[in-house]
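Input: a single structure, listed below in structure tokens.
The values are calculated or read from the model by the stated rules, or taken from the named source; none is laboratory data. None of the values given here were measured: they were computed from a predicted structure. Neighbour counts run over all protein chains shown; Cβ positions are idealised from the backbone, glycine included. When the accessible area is computed, the model is the full protein with side chains, heavy atoms only, and any ligands, DNA or RNA have been set aside. Shrake-Rupley method; radii C 1.70, N 1.55, O 1.52, S 1.80 Å.
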Number of protein chains: 6
Amino acid sequence: MIRIKTGIPGLDEILNGGVPKRNVVLLAGGPGTGKTIMGMQYLWAGISEYEEPGIYVALEEHPVQVRINMKQFGWDVKPFEEKGFFAIVDGFTAGIGEAAKREKYVVPAPDDVYSLVDTLRRAITDIGAERVVIDSVTTLYLTKPSIARGIVLQLKKVLSGMGCTSILVSQVSVTDRGFGGPGVEHAADGIIRLDLDEIKGQLQRSIIVWKMRGTAHSMRRHPFDITDDGIIIYPDKSIITE
Amino acid sequence: MIRIKTGIPGLDEILNGGVPKRNVVLLAGGPGTGKTIMGMQYLWAGISEYEEPGIYVALEEHPVQVRINMKQFGWDVKPFEEKGFFAIVDGFTAGIGEAAKREKYVVPAPDDVYSLVDTLRRAITDIGAERVVIDSVTTLYLTKPSIARGIVLQLKKVLSGMGCTSILVSQVSVTDRGFGGPGVEHAADGIIRLDLDEIKGQLQRSIIVWKMRGTAHSMRRHPFDITDDGIIIYPDKSIITE
Amino acid sequence: MIRIKTGIPGLDEILNGGVPKRNVVLLAGGPGTGKTIMGMQYLWAGISEYEEPGIYVALEEHPVQVRINMKQFGWDVKPFEEKGFFAIVDGFTAGIGEAAKREKYVVPAPDDVYSLVDTLRRAITDIGAERVVIDSVTTLYLTKPSIARGIVLQLKKVLSGMGCTSILVSQVSVTDRGFGGPGVEHAADGIIRLDLDEIKGQLQRSIIVWKMRGTAHSMRRHPFDITDDGIIIYPDKSIITE
Amino acid sequence: MIRIKTGIPGLDEILNGGVPKRNVVLLAGGPGTGKTIMGMQYLWAGISEYEEPGIYVALEEHPVQVRINMKQFGWDVKPFEEKGFFAIVDGFTAGIGEAAKREKYVVPAPDDVYSLVDTLRRAITDIGAERVVIDSVTTLYLTKPSIARGIVLQLKKVLSGMGCTSILVSQVSVTDRGFGGPGVEHAADGIIRLDLDEIKGQLQRSIIVWKMRGTAHSMRRHPFDITDDGIIIYPDKSIITE
Amino acid sequence: MIRIKTGIPGLDEILNGGVPKRNVVLLAGGPGTGKTIMGMQYLWAGISEYEEPGIYVALEEHPVQVRINMKQFGWDVKPFEEKGFFAIVDGFTAGIGEAAKREKYVVPAPDDVYSLVDTLRRAITDIGAERVVIDSVTTLYLTKPSIARGIVLQLKKVLSGMGCTSILVSQVSVTDRGFGGPGVEHAADGIIRLDLDEIKGQLQRSIIVWKMRGTAHSMRRHPFDITDDGIIIYPDKSIITE
Amino acid sequence: MIRIKTGIPGLDEILNGGVPKRNVVLLAGGPGTGKTIMGMQYLWAGISEYEEPGIYVALEEHPVQVRINMKQFGWDVKPFEEKGFFAIVDGFTAGIGEAAKREKYVVPAPDDVYSLVDTLRRAITDIGAERVVIDSVTTLYLTKPSIARGIVLQLKKVLSGMGCTSILVSQVSVTDRGFGGPGVEHAADGIIRLDLDEIKGQLQRSIIVWKMRGTAHSMRRHPFDITDDGIIIYPDKSIITE
């Protein structure tokens, strides 16, 4: 079995070497837990360390803002975009605005998952993407939870079928300990949960791998930090949040 | 009373010898608890050890992926399919795609339980199936919970009527301690629950047999592991998760 | 006041001698708690020990399966059916299937409570039934909870009016500590609850009589076992499940 | 201020002498808590001890059964009915059945609160009722909770306006610690709650007066028993159920 | 800033001198907590001690009953009504009944908030009201919670705009720790909560000021009693109810 | 990265120097927690200390009342309005009333978010606003939670796009520990929560920064006070509320 190295310090260790290739991983967590940063870091590691082209599907932010946010961690994707090694699929602007006109991959109707899948397919083919991050998949069914499972299955068919190893960011409310609903949780090949818990007046960050098809993995909850260089997970430390 | 040996290490012990023949067992659990692996292992034991032909009804995964997933545990079903000892009922593709064209048992309309039952009946008759796993039955009523009980009763009539001993995989959300709703829970002949609990920052796997018509069974919660060879249950160990 | 002996070891003791005649008792519990067995045992005691003809209304199982299930406990109802001392009202098949054609009391439209009541009345009159078990009454309003109370009142009028002492099996979900909803709970003359609780990794069975019109009763929770001969309640033992 | 003696042993003590005249008291509790018995006992005390004519509005039981149930406690209302001192308003049969034809006060359309109020008014005038028990008021809005407050206010206008001191039985589910919903709770002049709690495997009965307009009252929870002669409350004992 | 003295023993102390003029205060609590008494006492203090005319908007009770209830505490409002110093706005009868004909301020359509506001405006102008109590505001949106905020804002515009300092009684269910819903809670200038809690089998009354625009206030929970002369709050005592 | 100094004593310390420019910060809390005061203080600091023009969008209060409320803390915005340094966008009156006619920025249809955005854009351009407070954003979707995320994203595009650093006040119910729903929580760049908790009968105020894009921040919960001069946060103190 081929594994994809996430390149996130500590994460490959707790995944026993990386994410099994073609897996679709749900990255679930409340607001402020670091899901977006982890998704970006996963792509950056791919292009800068492993020569694996990657695509960030921006459904929550303007592509311009995505580039700015990545650069704040020192992840300058521009040169990689230029040489066809990285792409942002713009599922945010619907092509409206001056800046959007300079984007290469614009989803014409972000509310329509078929429209998204079409643009995504094209981008994957163009750059030969091996990594994809969709931020967030929740956006696609926020007001229609009954279609959540169908959308995740559809994305899984495309992503896995085209050979990509993917992260689907799943936004859950701060008071919800789940991963995004039964349909979504069971459809994913893997589930990683990021937590931000108030423990005796102190916020604590932690990560737990709940499932990962095709590999054993750490069964413990690990603390992590968000630094100026991105996320660092401590595979040798455990944390208790209950 | 005839018992069907599950062949899963430790499970027959806690079932006092196996599942009573013709029982329809609900195998309930949250994401990542090992339901699919247990279902596959049950079928593999049937064909490789007990000469009992089996059918896996794939509603969550492409049949090709099912074969790959089984093979990762060393369960190569291809030769058994060829000699008519094992079959996958494809309730996933609706016949769409190249790979689907090579499948023998394709449910034309996976959303329609009659369509599923028709294909399943044909497969059972063809190979003389004694074991059936439906993964998952939840898919059949995810967006229509009010029809859940009716669907389970319908499946039960067919499966039990044709002499099969069956496992219905029931997906519940990670935050739900139930088995899939009152209609489903009471309609099944047996209920086995797999759990994955975070206990002091550590994930723990456990199994409990909640009911099994026609036999006494262990009344304790047992720990289990998922290994490279499949599930191993420890019938002599107890575990407390509360 | 006349009392009907349940004949279930220990139960008459905790009911101070039996169920007051004509009472309609709600027998509530989650899956696997033994409700169906207790209902069958109550009828078997009636025909085999007290010369009180009885009727089992099968809404969850095929009548053929009911006979098989009873026989597993040594309760062979066939001879009693033949001499008009026991009857199964088939509210399961709607008359469909070969086996159903051999049934005497088939409810033509099991979804329609009037249709059920008609067939039930005829059966009660035919055999002079003094005991009736409806398994389960929940089925009659599973998808229409707002009509639950009306259905229970209607059944109560018929059953009590014709002199029967009855058990209505009420299925509740495993996570629900209630008895089947406010309308049903208050309409019944008596409420008995069967529980299956996981206490420190061990499943425990217990029974508690919550109300019984017309008689004092044990106010304690008692443990019970399901044996090869049916249920045995321990009236001298108490159990704490909280 | 005039007080109406309930005549229930212990209750007048904890009410500092009785219920203020014209008050409409909500008597709330789960199934099996003794609400109906307390209502009947209140009426019986009125006719047998205090020369205060009373009316029982039967919405849950056939009037014939009401008389039987009362007689089991030695409360034979027949002679009082004959001399126009007691009446049952039949809101159960809608006049259907032989027995109903012998009833004097039959509500033609029990589902229609206007129909009930008309019959009730007539009965109050006829016998000069000073006490009224409606068992249960919950029945009147079970499937239409949004009209609950309106119904209670309407009954209150009639009952209080005609000089009666009344008990409205409010059925709540066994798992509900409320009194019947916000609209009902606030509209009543008084609230008495009966509880049946399982404390360490033992059922315990207790009563607490939550509010009573026009009088101070015990602020403690008191244990009570249901005996062959009715309810006995222990005003000198306290009980803790939490 | 001008403060309005509530005149309720202890309350002005915990409000640092009284309610800032023109504030609209939500007085929230479950049944039996004393909200109505506190509202009446606030008005009585205004007319009998501070020469501030007041209006009681009766939405739950007949105006005649309101006068009786107030008189039980020695608060005889009749003479004040006669000299145009106190008024009851009748939002209860809709003008139906003999007694209603003698009322001066009758809301023709109590279900219509515009109708209420019109009558209220007229009464405020007539007597130059400085204090208004609406008992209860909950009634106005009980079955339409989505319009609650709009109604409270509308009342606030009128009341505050006409210079009144007002109490809006908010009825919450006994099991609800909130103040009446997010829309209402945030629209009010102040929130006072009255509680009745069962602590070890004993009912305890307490008051807490949750917010009061324009003034600091006690941040503690204080016990209070309901006496024959009305409410007495103990500003020097604290109470813990959790 | 440019930071905007909030000017609120203690807040810039726990934000490591201020809010990153262009961030849209959700300021969430229950009733009485001080959200409005903090929003006003943020704007006042901008105009009086940092020469950063600001806009207060009044959706809950009349603009006249907003000025009065600010002045109670010594924040007299009138002169700043006159020299075009501060503006109130009136989303409250819809232009109705005499006072409203004197307002410069009146939203003609406050229920329509497009109408609000138009007026807001105009005000931002006119005064060159660098700070915006919307009090509250909750009002915009109170009865239509499904559109909440869309509205927040729309506001974010305008506010961030025009260079403003903004606070969106989010009202949550007193019993809700969340921030305003999943759609809103994830769309904001930052989340600050204000709490008012009853701890052993004593109300305690505290603040916690849950997320802030573009900067590290205190991970602790800090106590704060509301004084006559506004909010003071204690960055060196921690508080535990659980």
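Data for the structure
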{"quantity": "Mean Cα-pair separation over length for chain C, i.e. relative contact order, pairs under 8 Å, 6 or more apart, %", "calculated": "27"}
{"quantity": "Length-normalised contact order of region A:17-122 in % [C-alpha pairs under 8 Å, at least 6 apart]", "calculated": "20"}
{"quantity": "In nm, spacing of pseudo-spin labels at C:D236 and E:D236 (7 Å Cα→C-beta vector)", "calculated": "6.2"}
{"quantity": "Hydrodynamic radius by Kirkwood, which averages 1/r over all alpha carbon pairs of the protein assembly as shown, in angstrom", "calculated": "35.6"}
{"quantity": "Of all DSSP beta bridges in the protein assembly as shown, antiparallel share, percent nearest 5", "calculated": "40"}
{"quantity": "Label 7 Å beyond Cα on the Cβ vector: F:Q72 copy-to-copy distances, nm", "calculated": "3.6, 3.6, 6.2, 6.2, 7.2"}
{"quantity": "Across the identical copies, how the C:K83 labels are spaced - nm, sorted shortest first, 7 Å along Cα→Cβ", "calculated": "5.5, 5.5, 9.5, 9.5, 11.0"}
{"quantity": "Nitroxide proxy distance, nm - points 7 Å out along Cα→Cβ at F:A99 and D:D126", "calculated": "6.2"}
{"quantity": "Relative contact order %, region F:113-181, counting alpha carbon pairs below 8 Å whose residues are six or more apart", "calculated": "39"}
{"quantity": "Under Karplus coefficients 6.51, -1.76 and 1.60, residue-wise ³J(HN,Hα) of region E:72-85 in Hz, glycine/proline x", "calculated": "4, 9, x, 9, 8, 7, 3, x, 6, 5, 5, 8, x, 10"}
{"quantity": "Globularity index of region A:115-228, i.e. its alpha-carbon radius of gyration over 2.2 N^0.38 Å", "calculated": "1.18"}
{"quantity": "Taking the C-alpha atoms of region D:1-83, convex hull volume expressed per residue in Å³", "calculated": "113"}
{"quantity": "Distance histogram in 5 Å bins (all Cα pairs of chain C, percent per bin)", "calculated": "1, 7, 15, 20, 21, 18, 12, 5, 2, 0, 0"}
{"quantity": "Rounded to 5, the percent of DSSP beta bridges in chain F classed as antiparallel", "calculated": "40"}
{"quantity": "Accessible surface buried upon A-F contact (total; probe 1.4 Å; Å², nearest 100)", "calculated": "2300"}
{"quantity": "Members of region C:145-184 that become less accessible by 40 Å² or more once partner protein chains are added (1.4 angstrom probe, chain alone as reference)", "calculated": "C:R149, C:K157, C:Q171, C:S173, C:V174, C:P182"}
{"quantity": "Heavy-atom accessible surface of region F:193-242: percent carbon and sulfur, 1.4 Å", "calculated": "47"}
{"quantity": "Per-bin percent of Cα-Cα distances, region A:72-160 [10 Å]", "calculated": "15, 46, 32, 7, 0"}
{"quantity": "Residues with amide H under 5 Å from that of A:I199, placed H, sequence gap 5 or more", "calculated": "A:Q204"}
{"quantity": "Chain F, closest residue to the rotation axis toward E, by beta-carbon, whole angstrom", "calculated": "F:T175, 11"}
{"quantity": "For region E:141-147, Karplus couplings with θ = phi - 60° (6.51, -1.76, 1.60), whole Hz, Gly/Pro x", "calculated": "9, 3, 9, 9, x, 5, 9"}
{"quantity": "When each of D:K101/D:K156; A:K156/B:K200; E:K5/E:K35 is checked by Cα-Cα distance, pairs over 27 Å", "calculated": "D:K101/D:K156; A:K156/B:K200"}
{"quantity": "Heavy-atom accessible area per residue - chain B, 1.4 Å, Å²", "calculated": "36"}
{"quantity": "Position E:I147, label points 7 Å along Cα→Cβ, spacing to each other copy in nm (shortest first, one decimal)", "calculated": "1.9, 1.9, 3.3, 3.3, 3.8"}
{"quantity": "Stokes-Einstein D in µm²/s, Kirkwood radius over Cα pairs - region D:1-47 at 25 °C with 0.890 mPa s viscosity", "calculated": "217"}
{"quantity": "D:L26 long-range amide H proximity, modeled H, under 5 Å", "calculated": "D:L168, D:D189, D:G190, D:I191, D:I192"}
{"quantity": "Considering only region B:106-221, percent of DSSP beta bridges that pair antiparallel, nearest 5", "calculated": "70"}
{"quantity": "14 Å beta-carbon shell around E:V117, net charge (K/R +1, D/E -1)", "calculated": "+1"}
{"quantity": "Semi-axis lengths, Å, region E:1-141, gyration tensor of Cα atoms, sqrt of 5 times eigenvalues", "calculated": "23, 16, 15"}
{"quantity": "Unit charges on C-beta of K, R, D, E only; dipole of chain F, Debye", "calculated": "640"}
{"quantity": "Most fluctuating residue given options C:R205, C:R121, C:R22, as computed from a GNM of chain C linking Cα atoms under 10 Å", "calculated": "C:R121"}
{"quantity": "In Hz, Karplus ³J(HN,Hα) per residue of region B:201-216 (6.51, -1.76, 1.60; θ = phi - 60°; x = Gly, Pro)", "calculated": "x, 10, 7, 10, 9, 8, 10, 9, 8, 8, 7, 7, 4, x, 7, 6"}
